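A.B. asks: Here it is: the structure, laid out below.
The values are calculated or read from the model by the stated rules, or taken from the named source; none is laboratory data. Just so it is clear, the model here is predicted, and its values are computed rather than measured. Every residue, glycine as well, gets a Cβ built from its backbone with ideal geometry; the counts of neighbours run over all protein chains shown. These area figures cover heavy atoms from the full protein model, side chains too; ligands, DNA and RNA do not enter into them. Shrake-Rupley method; radii C 1.70, N 1.55, O 1.52, S 1.80 Å.
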Amino acid sequence: MAEGTSGPGGDGAGAMLDGLVSDEERRLGEPMLRWSSRTHSIAGVQAELERIWSSISLTTPAADGDGTADGTPGASGAERRVAARSSVMNLVIVAGRGETGERAAAVVHGLTGRHPSRTIIVTPADPDGPSWLDAQVQAHCVLPSKDSPETCAELIYLTAGGESGQHLAGLVAPLLVHDLPVTVWWPGEPRLESRPVRELLDMADRLIVDGAGWSGDGLERLAQLARMAGEHGLEIADFAMLRQSRWREAIASSFDLPRLMPFLGHITALTVHYSARDGTPRATDVVKPIYHLAWLASRLGMVVAEPMTAGSEPWGGYRGVLRSGRRRVEVELHPLESPQAGGTTLEVAIDARRGSERLAVRVTGHADGITVETLLDGRPMPDRQYLVPRRREADLLAETIEDAGAHPITIEALEMAAALVGRPVPGRHIGARAAA
Amino acid sequence: MATKAPPPPGRGTRTPTKAATPAKRQTPNPGAADGMVPAVAAGSLSIREERLAHDGKRRRSPKSIEVNPLRKGLRLERVPDPHVMVLFGATGDLSHRKVFPALAQLWRTNLLPQDWQLVAIGRRAYDDKAFREGVRDSLKVNSRVPLEPAVERQFLDRITYHRGDFDADPMYDELAERLDAIDASHATAGNRLFYLATQPSAFTEIVAQLGRTGLDHEHHGGGWRRIVIEKPFGRDLDSARRLNREVGKVFREAQVYRIDHYLGKETVRNLLVFRFANGIFEPLWNRRYVDHVQITMAESLGVEERGSFYEETGAVRDVVQNHLLQLLTLVAMEPPATFDAEALRDEKVKVLRAVDRLDRMRVAADVVRGQYGPGWIEGTRAAGYRAEDEVDAQSETETFVAMKLNIDDWRWSGVPFYLRTGKRLPKRATEIAIQFRDVPHRLFEGAQSNPEPNLLAIRIQPDEGIVLRFGSKVPGLGLDIRTVNMDFTYGSAFSADAPEAYETLILDAMLGDASLFTRADEVEAAWAAVDPILDAWLDEPAPEFPNYDAGTWGPPAADRLMERAGRRWRRI
């Protein structure tokens, strides 16, 4: 590769040779590009990965110079603190377009010191042309402190044209680090039903998507996602649901009060107001607002009596009916014209009636966070404010990685969401009415 | 304890539970409440006796509240019950440096219940506004994450100041009234967490007063009462027993939470996970494979402004009896049957009881004490201990101690545990090192370098992590063997912002989880392990102090302690 250039995702730091990148301007704690090379075959990628480790470890000085690092008797000679290749997982990113891959790579760089992974970014290109492969192999390293060894993680960009781009699993499988879990992150609109994707997901443990940016109302894709979880035994993480964790805490906190907890069995209506710029039915992605309903319904053991349907009038929203025991619970997604991004939750409203007492909980989002207002028989109880720190994709990805293991709450909410929109996952009982 | 004033009329009727009279619940001014309550002659019975006789169902813990189904899968599956925290010593350094910042952080991250109130007790004259200002100022300095203005306001609004002397009856009477009033206005349901961040000399008096006024008393169907007591818990076995006895007269053991903040540290907690959630280490964790264990807690600081405290304390009382022995128990304990507080603490106590008692000969041979003289640390000149403020110019207080302990049980018999701690050592570091035995047969005798025995080091601070040392062949035609470290640093694997030890521990006390707190028998067993050392030193003249320079790893005798057995301290 030509000197002084950097490939996709490269930060251009230092002078780039074919391989090792000089590290004159290293800063503690910041990921630095330490290796970059290019090849055109999977075997070439494997060879480059081997070269990375022989080169980088040779350039890392021992922490204690020539001295011993500890005082065990007989210790002699230099004890090397080798540059550590740390991997906590294989991360496969499917990028429909080059710029999506670069954005995802930027997110991954931010995690190098926190969750070093072998990352493979695959971009299929020119499906009708001849088969070809372009691969760029990079290593990004972080020096956590002066005396620590470097932590490095590999990043492989694969751009595959023609027929080879249609066999994602075949491209990725030889490059996975053995024994580590495989996470597939699919930014944008995942094509969940196509055969190449199914092959790829067959070897994955976890699928990460972001339902907040899907086209249309997003409900068809949401139902597909719920089915994937059941059919492939995949752990699913949706950034859209993850972003709502503070909302869920705020809602739950209302019912921590012993006096209010019994109202959970007496809910009469659940309404989520969401922002929309266009009132046309099905024009706004409602995945986020429906997750609120689905989470509440699944946690409270409700079943779907009448699936939600979109109103035919502009600004009509969606309505449906749940049952909690023998009680009928009206559910509604209600659009409000707002400058915020379409599908943003503006308010979650919970109404309950227990005997003669009425409870109204209003959880409202605003610029600084969330406010919980509670009215018991019309009398306000003290409000509570919740901070909602804005989380970047890097934070969400880190959180997903840390939250290892299948999350039953997520799966239940996902299945309930599918049932709510009238597409229940076959063979699953979440949200489904018990047989008469 | 000071002579008590006769009880004011009506004091005996205070009932800080749901059974309180409506008039009582609406008490607007706690100090003026007595006159509003129907007077009942206290007679010769104490308030406490009268109240206990009245409801006759003492010592029944309140039933746990139903679980909120929406909490499942969230950060906290259970939040603390609404309660009032009563902080004694609220104007002191510990409260401002540690307790308030931890509470503020818990509030900021929504981990405290909405109905949470704090009554801060101190001797100095403040009103609520002035006290809150003081807390605000100290949060600016001590909070690990700055508080957003709205959050800070909400937090401070929940703090009220209660002035009084810890030995004055009226202070507690007024406190009880005030707590009743808070229960009535904030739905705190009679739940109270008393936190003693005072000088240890005040512990007994405060506990006795809480007992006198019945504030310890958990009513049937009412709230819980818990007490958190800061270290030091006694200064020897006798005083610890006396203190336990006094506390036990008032509180059940299950209500008592003795803090050793070291147990709240992430890495210390992770030690349990490391040992008992990983299958590969436990089979090696015994006398068959382990040669010895070293536990080091080094400080580069001197005694700073704690000269008079340290003069009375010394390294054994300040660090060995609590922090180092806690680490030793976590390393040496058997796997508990369950991960609940009692099972965990049972196993820790067993280890402490198995630590062999040192007779005078053994103290002379296996325990080294030191005191720092002047020296250089990190390029700065440091004064000797005897030149520190509030320190006797002829002081014989130890600022360094190194010792060899044996644990006489099936697992560890014959494996020495070397402990060392000191002030003005070259760096701040806490570390546990498990030195494994050499391979049974040296296959590579002819190799250029013999492989070193394996070592597992658990770094607790700074730069928390775990290092495993093993031998590896140097690439090439020869058979040169090098020792390499496999180094795991927490910071490189987890992005989560680790909570401060105080946040963890205070939240645990609020949730009623005593796993990370020290039980009475544990405290006594720890004192029993170090008491023979203190006793022996009383009769033996101290070595020629100072015997190590600031900025060095302690007196030469500490090195000789290891060299006698052909070992060396790990260089940290």
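A.B. asks: Go ahead and run the numbers for FRET between A:Thr371 and B:Ser185, Cβ-Cβ distance against an R0 of 25 Å, rounding to 0.05.
C.D. replies: Once rounded, the FRET efficiency stands at 0.70.
A.B. asks: Need one number: nm distance between label points at A:Arg379 and B:Val145, each 7 Å from Cα along Cα→Cβ, rounded to one decimal.
C.D. replies: Rounded to a tenth, the inter-label distance reads 3.5 nm.
A.B. asks: Which Cα, out of B:Phe276, B:Met297, B:Gly248, lies furthest along the positive dipole direction of chain B (beta carbon charges, K/R +1, D/E -1)?
C.D. replies: Looking along the dipole axis, the top candidate is B:Phe276.
A.B. asks: Any idea of the accessible area per residue across the stretch B:252-366, 1.4 Å probe, to the nearest Å²? Walk me through the numbers before you get to the answer.
C.D. replies: Values: 4480 Å² over 115 residues.
For the stretch B:252-366, the solvent-accessible area averages 39 Å² per residue.
A.B. asks: Output the pairs from B:Lys249/B:Lys404; B:Lys129/B:Lys249; B:Lys140/B:Lys423; B:Lys348/B:Lys427; B:Lys427/B:Lys473; B:Lys350/B:Lys427 with a Cα-Cα distance over 31 Å in this structure; if there are none, say none.
C.D. replies: B:Lys249/B:Lys404; B:Lys129/B:Lys249; B:Lys427/B:Lys473; B:Lys350/B:Lys427
A.B. asks: Sticking with this structure for a sec: Pull out the extension gain between A:Arg282 and A:Ala169, defined as 0.36 nm times the separation in residues minus the alpha carbon to alpha carbon distance; nm, one decimal. Mind dumping the intermediate values first?
C.D. replies: Details: separation 113, 0.36 × 113 = 40.68 nm, distance 3.40 nm.
My answer for the length gained is 37.3 nm.
A.B. asks: Could I ask something else about it? Would you check the accessible area of B:Thr504, probe 1.4 Å, heavy atoms only, in square angstrom rounded to 10?
C.D. replies: Accessible area, nearest 10 Å²: 10 Å².
A.B. asks: Restricting attention to the stretch A:199-299, which trypsin sites (Lys or Arg not before Pro) occupy a DSSP loop and are surrounded by at most 16 other Cβ atoms within 10 Å?
C.D. replies: Filter output for the stretch A:199-299: A:Arg259, A:Arg277, A:Arg282.
A.B. asks: Next question, about the same structure. Largest first, how would A:Thr374, A:Thr280, A:Thr159 line up by accessible area (1.4 Å probe)?
C.D. replies: A:Thr280, A:Thr159, A:Thr374
A.B. asks: A follow-up question, please. How much of the accessible area of the stretch A:245-393, in percent, comes from carbon and sulfur atoms when a 1.4 Å probe is used? Walk me through the numbers on the way to the answer.
C.D. replies: Numbers: 3070 of 6410 Å².
Of the solvent-accessible surface of the stretch A:245-393, carbon and sulfur hold 48 percent.
A.B. asks: I want to check the label-to-label distance for B:His441 and A:Glu357. Put each point 7 Å from Cα in the C-beta direction and report it in nm to one decimal.
C.D. replies: It is 7.7 nm.
A.B. asks: Just the number, please: carbon plus sulfur as a percent of the accessible area of chain B, 1.4 Å probe, no ligands or DNA/RNA counted.
C.D. replies: That fraction is 53 percent.
A.B. asks: Using R₀ = 51 Å, calculate the FRET efficiency as 1/(1 + (r/R₀)^6) where r is the Cβ-Cβ separation of A:Arg326 and A:Glu50; round to 0.05.
C.D. replies: The pair A:Arg326/A:Glu50 has a calculated efficiency of 0.15.
A.B. asks: OK, next. Starting from the amide H of B:Arg225, placed 1.01 Å from N in the peptide plane, find each other amide H under 5 Å away whose residue is 5 or more places distant or on another chain.
C.D. replies: B:Arg192
A.B. asks: Continuing with the same structure: In cubic angstrom, how much convex hull volume per residue do the alpha carbon atoms of chain B span?
C.D. replies: 187
A.B. asks: Given the options B:Leu468, B:Tyr172, B:Phe100, identify the residue whose Cα lies farthest towards the positive end of the charge dipole of chain B (+1 on Cβ of Lys, Arg; -1 on Cβ of Asp, Glu).
C.D. replies: Sorting the options by dipole projection puts first B:Leu468.
A.B. asks: Kindly sort B:Leu70, B:Leu516 by accessible area of their heavy atoms, largest first, with the probe set to 1.4 Å.
C.D. replies: Descending order: B:Leu516, B:Leu70.
A.B. asks: If you wrap the stretch A:265-349's Cα atoms in a convex hull and average its projection over all directions, what's the area in nm²?
C.D. replies: 4.9
A.B. asks: Accessible surface of B:Glu304 in the full protein assembly, 1.4 angstrom probe, to the nearest 10 Å²?
C.D. replies: The accessible area of B:Glu304 comes to roughly 80 Å².
A.B. asks: Set the Förster radius R0 to 60 Å, insert the Cβ-Cβ distance between B:Ser201 and A:Met203 as r into 1/(1 + (r/R0)^6), and round the FRET efficiency to 0.05.
C.D. replies: In this case the efficiency is close to 0.35.
A.B. asks: Ok, one more. Taking every eigenvalue of the Cα gyration tensor of the stretch A:245-393, multiplying by 5 and rooting it, what semi-axes result, largest first, whole Å?
C.D. replies: 24, 20, 13
A.B. asks: So, one more: Total Å² of accessible surface buried at the A-B contact, 1.4 Å probe, nearest 100?
C.D. replies: Values: alone 19820 and 26170 Å², together 42140 Å².
Counting protein atoms only, the buried area is about 3900 Å².
A.B. asks: Quickly work out the B:Arg124-to-A:Glu193 label distance, labels modelled 7 Å from Cα along the C-beta direction, and quote it in nm with one decimal.
C.D. replies: Placing both labels 7 Å beyond Cα along the Cβ direction yields 7.1 nm.
A.B. asks: Over the stretch A:245-393, with the other protein chains present, what is the accessible area per residue in square angstrom, probe 1.4 angstrom?
C.D. replies: Averaged over the residues of the stretch A:245-393, the accessible area is 43 Å².
A.B. asks: So between B:Glu246 and B:Leu76, what do we pick up on full extension, going 0.36 nm a residue minus the alpha carbon distance?
C.D. replies: Result for the pair: 57.7 nm of gain on full extension.
A.B. asks: Could you give the size of the charge dipole of the stretch A:245-393 about its Cα centre, using +1 on the Cβ of each K and R and -1 on the Cβ of each D and E, expressed in debye and rounded to the nearest 20?
C.D. replies: Working: 21 positive and 17 negative charges, 100 e Å.
Result for the stretch A:245-393 is approximately 480 debye, rounded to the nearest 20.
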